[in-house]
Each structure stands twice: as structure tokens, then as C-alpha cells.
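The values are calculated or read from the model by the stated rules, or taken from the named source; none is laboratory data. Fair warning: this is a prediction, and the values are worked out from it, not measured in the lab. Neighbour counts run over all protein chains shown; Cβ positions are idealised from the backbone, glycine included. Accessible surface areas use protein heavy atoms only, side chains included; no ligands, DNA or RNA. Shrake-Rupley method; radii C 1.70, N 1.55, O 1.52, S 1.80 Å.
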Amino acid sequence: MGGKGSKPKKSKKEVKAEVKTYKLLLLGTGESGKSAIFKQMKDIYGKKFSQEDLEHYRNVIHENVCEAMQLLCEGVKSLGFEADLQNSAELESFLASDRSSLNSQSTIEGKTVGDLVEILWKDPAVQKAWLKRSALQIVETHQIFLDEVNRLKQSGYLPSKEDIVYSRVRSSGVVTEKFEIEGKTFELYDVGGQRNERKKWIHVFDNVHAVIFVNALSEYDQVCFEDGTTNRMQESLTLFKSMAEHELFKSTGFILFLNKTDILKKKLGPHPINEVPDFSDYSGGEDFDKATQYFIKKFEDVSKVANPNRNLYIHLMCAADASNVKKVFDDCRAVLMDNAIKSSGAV
């Protein structure tokens with residue numbers, strides 16, 4: 001019998017019925033794909049993108065294209081590819097023009113900034129610079145926009161959902177979205193992943209049912225935007241370790257999303273993993289399964305040391321694929337509910 005005044009433990013069924021809202025944190029380093037996942041979840045389960053949203057993201061996408069081309073043009077000069085440049089007048093005009101929109105008029109009469117981008121993207125020197133995109137800190141998924149700039153520069157252009165997912169805005173502060181699934185409310189928090197944003201994370205650490213940590217598998221050969229030297233995969237592992245060890249997350253479920261599998265598949269051949277000093281022990285060659293298992297083990301090893309009693313739930317994913325994101329999250333919902341039950345001490 002329980003002591004005087006003690007309350008009987010609730011059953012798992014009772015706890016599951018009582019928990020109406022699940023709080024989820026999306027954590028990860030900058031450019032891991034957190035915000036892409038957040039946008040997919042909003043579109044799948046929450047409010048659809050409004051006309052205002054579409055107009056906002058059109059501007060974002062134009063800025064993404066112009067920023068990528070600016071870095072490429074600067075790279076042509078800094079990397080010494082000018083001898084291969086076939087469109088020098090267009091390059092200089094692009095750098096001298098108002099690059100706030102693809103529809104802006106360039107310094108060349110009759111050509112918009114979008115026209116210049118379309119010409120320059122086909123230039124051999126710019127293509128050589130693209131091969132050095134990691135060193136130039138260019139977002140890899142912006143290739144999709146550069147390939148389709150003719151569509152993006154049209155005056156009536158509004159972005160598709162896929163365009164919005166591929167667009168890039170560095171997260172700042174905390175963004176929250178609520179959505180209902182089968183009578184339960186899920187609160188999803190997306191927080192800025194850049195180093196200077198992480199000090200704000202602590203404000204949303206209370207009463208979390210699960211941490212969804214996002215890692216970009218394709219960034220094994222890239223360095224951090226912040227310092228230009230730290231390997232991005234190592235930065236992700238270090239951040240994952242600090243979160244897994246955090247006092248407030250002792251009984252919190254951890255779900256690991258290994259993102260950008262589509263880009264990883266394309267990189268394994270031209271960018272061997274074992275040529276990166278941090279991962280010189282890798283011996284799986286271009287085999288995708290061996291590559292993913294190699295990085296999975298690294299995260300599993302960190303998790304076991306940080307909290308030996310925690311189960312780490314791992315999912316490979318491509319945030320650009322809505323069906324993949326939906327399947328992964330549907331698989332995770334059972335884990336979230338079970339973890340809420342365990343945290344309550346239900347019998």
C-alpha cells in the first residue's frame with residue numbers, strides 16, 4: 001500500500017490521454033536543414049503558405065541567387081580563373097548592379113540582373129568556381145535555383161513549395177509552429193543554428209518531450225561559416241554531445257535526423273570521405289550505406305557516452321522530399337508519446 005497521502009501512479013493509457021501537447025525542439029548547426037524541415041512540417045500539418053508568404057520567399061530566393069552568383073564571381077577572381085572567363089563585361093556589370101532582385105536593371109542596357117546570372121552561370125570560369133563552392137561558402141542547394149534562373153526571373157514568378165523549402169534564410173531567434181494530428185497538438189520550435197544564436201536556446205529547454213537534432217550528412221568536407229576552419233561534421237558532433245549531456249535533457253527523448261542524403265550520394269565520388277583529415281579512417285569508398293553507417297556510429301558513440309540509458313532514434317532523410325519528411329515524422333510520433341509516458345513514471 002502507498003504511504004499516507006501518496007497518489008497511485010497513472011497507467012500508460014491514462015498518461016497518453018492526458019498529454020494533449022507535445023513540445024519538440026529542432027536543434028542543429030547552421031545550414032543543417034532544420035528550417036527546411038520546419039517549412040515542410042508547416043506545409044504538411046499546419047497552415048499552408050499564404051500569398052504574403054509566397055511574395056516574401058520570392059524575394060528571399062532572388063537574394064539567394066544573387067548572393068550565390070556574387071560569391072562565384074568573386075571566386076573567379078580570387079581563385080585565378082579569369083583566363084577562362086568568356087563574359088567579363090557581364091561579370092563586372094553584375095558586381096556593379098543593384099542585386100536586390102533578379103528583376104533589377106543591370107548596368108548593361110536591356111539586361112536585368114537575372115539575365116546576367118543566366119549568362120554567367122554557363123560561363124566556364126564560373127563553373128570552375130562552382131567546383132570550389134565549399135571553400136567559397138556557397139549553399140549547395142542553390143544550384144537548383146541557378147539551373148532554373150530563367151523561370152525565377154520572370155515578372156510574374158511566385159515560388160513553388162519546393163522552391164520555398166530550398167530557400168535559405170539564416171534562422172534568428174526562435175520560430176514556433178503548432179499543428180494538430182489526431183487530436184494531439186505538436187509545438188515545433190526552430191532555433192537559429194549559428195554559433196551566435198545558440199545562447200538563446202536555453203529559453204526553450206523546459207518541458208521538452210523530444211529533441212530532434214538535425215545533421216547534414218553532406219557537410220563532411222565543409223568548414224563552418226563562422227570561423228572558416230572547423231569541420232562542419234565535427235562541429236555537429238560536438239554540439240550534439242553538449243545537448244545530449246545537458247542537465248535539462250536527462251529524461252528527454254532524442255531523435256537524430258541525418259539530412260541531405262540526396263547531396264551525399266552525389267558527393268561521395270568526387271569528394272572522398274577519407275581525403276578529409278578528420279575522417280581519414282573511413283574505408284567504405286563511394287558506398288552510400290557504408291558512408292551513412294560510418295557517421296551513424298559516430299553519433300551513436302557520442303550518445304552512449306553522454307547518456308548510456310537513452311535510446312537514440314536515427315532516421316536518414318532528405319528534407320526537400322515532403323513524402324520522406326512525413327513518413328519520418330509519422331514514425332517518430334509513437335516514440336514521442338512513449339517517451340512522455342516514461343517521463344511521467346506511469347505503470
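When the Karplus curve 6.51 cos²θ - 1.76 cosθ + 1.60 is applied with θ = phi - 60°, which whole-Hz ³J(HN,Hα) does each residue of the range 54-68 get, with x for Gly and Pro?
Computed from phi, the couplings for the range 54-68 are 4, 5, 4, 6, 4, 5, 4, 5, 4, 5, 4, 5, 5, 5, 4 Hz.
From the cross-link list K132/K250; K42/K132; K298/K327; K290/K326; K23/K260, which pairs have alpha carbons spaced over 32 Å apart? Write out the running numbers ahead of the final one.
Details: K132/K250 42 Å; K42/K132 34 Å; K298/K327 25 Å; K290/K326 25 Å; K23/K260 25 Å.
Where the Cα-Cα span goes over 32 Å, the pairs concerned are K132/K250; K42/K132.
In whole angstrom, note down how far apart the Cα centers of the range 240-282 and the range 123-163 are.
Taking the Cα centre of each part, the range 240-282 and the range 123-163 sit 26 Å apart.
Report the full-extension gain for the segment Q70 to S160: residue separation times 0.36 nm, less the Cα-Cα distance, to one decimal in nm.
In short, 30.0 nm is gained.
So if we plug the beta-carbon distance of L131 and S323 into 1/(1 + (r/R0)^6) with R0 = 41 Å, what FRET efficiency do we get, rounded to 0.05? Walk me through the numbers on the way to the answer.
Values: r = 31 Å, r/R0 = 0.77.
Once rounded, the FRET efficiency stands at 0.85.
Hey, with R₀ at 45 Å, roughly what FRET efficiency would Q86 and K20 work out to, going by the Cβ-Cβ distance, to 0.05? Intermediate values should be presented prior to the final figure.
Working: r = 62 Å, r/R0 = 1.38.
My answer for the efficiency is 0.15.
Classify the chain as rounded, prolate or oblate, taking a ≥ b ≥ c as the square roots of the eigenvalues of its Cα gyration tensor: rounded when a/c is under 1.5, otherwise prolate if a/b is larger than b/c and oblate if not.
Values: a/c = 2.75, a/b = 1.76, b/c = 1.56.
In terms of gyration-tensor shape, prolate.
With a sphere of radius 15 Å drawn around the Cβ of L217, what net charge do the other residues whose Cβ falls strictly inside it have (Lys, Arg +1; Asp, Glu -1)?
That sum, taken over residues with Cβ under 15 Å, equals -3.
Along the Cα→Cβ direction, 7 angstrom out, place labels at N103 and D330. What is the inter-label distance in nm?
3.9 nm
So which GluC sites (Glu not before Pro) in the range 92-133 are both in a DSSP loop and have at most 12 other Cβ atoms within 10 Å of their Cβ?
Numbers: sites: E92, E109, E118; in loops: E109.
Those that pass, being in a loop and sparsely packed, are E109.
Helix 232-244 against the longest principal axis of the chain: what's the angle in degrees, Cα atoms only, rounded to the nearest 10?
20 degrees
Can you give me the accessible area per residue for the chain, using a 1.4 Å probe, in Å²? It would help to have the intermediate numbers written out before the result.
On the way: 16600 Å² over 347 residues.
On a per-residue basis, 48 Å².
Given a Förster radius of 45 Å and the C-beta distance between N311 and N150 as r, what FRET efficiency does 1/(1 + (r/R0)^6) yield to the nearest 0.05?
Calculated value: 0.40.
With a ≥ b ≥ c taken as the square roots of the eigenvalues of the C-alpha gyration tensor of the range 33-166, please select rounded if a/c is under 1.5 and otherwise prolate if a/b is larger than b/c or oblate if it is not? Show your work: numbers first, answer last.
Values: a/c = 2.91, a/b = 1.61, b/c = 1.81.
Oblate, because a/c is 1.5 or more while a/b does not exceed b/c.
Ignoring ligands, DNA and RNA, please state the percent of accessible area on the chain from carbon and sulfur, probe 1.4 Å.
Ligands and nucleic acids excluded, carbon and sulfur give 49 percent.
If you line up the long axis of helix 34-45 against the longest principal axis of the chain, both from Cα atoms, how many degrees apart are they, to the nearest 10?
70 degrees
Rounded, prolate or oblate, given the Cα gyration tensor of the range 234-314, with a/c below 1.5 counting as rounded?
Numbers: a/c = 2.54, a/b = 2.13, b/c = 1.19.
It is prolate, given that a/c is not under 1.5 and a/b is the larger ratio.
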